[in-house]
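Undergrad: Quick one: the structure is below, questions incoming.
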Amino acid sequence: MIFAKVYIISLLSIILLGSSCSSTKQDPNPEYIRIGNGGGFAGIETVYTINLKGPVDQGGAQIGSLKKADINQLTRNIQVLQLDQLDWNHPGNMYKFIEYKLGTKMHRMSWDSNSPDVNNNLNLFYNHALHLIQKLNS
């Protein structure tokens, strides 16, 4: 009888302690920079998402974290290269894209990766962000 009471009290204590532990809450509306490419016969898209708090993921799996200085540089580049003022939606069979959410503003630009008429700032930003991501794997 005493064993049953101790068992029940222990079980209730474990349940209460387990439910009172705080879990890490994810930001439901994170700021991010996303770059990617896709298209072609298979239509496969490769997407990298840089959360502005640091984590970088590819296809939903975290592949590393960028330094705060690199993230600050990318967000400054959006302003300096005036990507926030650029409306560019000209995807081709093979395309690249940049998408970002800063504050309440979300913006997406896409272009034909083989087109010579692309705004140079798009490729400049894309290549720099991709370089930072590729450094995570080296």
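Undergrad: What are the residue pairs meeting all of these: first residue in the stretch 77-94, first residue over 14 Å from ASP112 (Cα atoms), second residue among the basic types (Lys, Arg) and loosely packed, with under 11 Cβ neighbours inside 10 Å, Cβ atoms under 8 Å, and 6 or more apart or on different chains?
TA: Between residues of the stretch 77-94 that are over 14 Å from ASP112 (Cα atoms) and residues that are among the basic types (Lys, Arg) and loosely packed, with under 11 Cβ neighbours inside 10 Å, the close pairs are ASP84/LYS105.
Undergrad: Then there's this: Could you grab the pairs with beta carbons closer than 8 Å, sequence gap of 6+ or different chains, first residue in the stretch 37-66 and farther than 30 Å from SER115 by Cα and at pLDDT 95 or above, second one assigned to a strand (DSSP E or B) and of a type in the set (S, T, N, Q)?
TA: These pairs meet every condition: PRO55/GLN62; PRO55/SER65.
The values are calculated or read from the model by the stated rules, or taken from the named source; none is laboratory data. The structure displayed is predicted, hence computed values, not measured ones. As a convention, Cβ positions derive from the backbone with ideal geometry for all residues, glycine included, and neighbour counts pool all protein chains shown.
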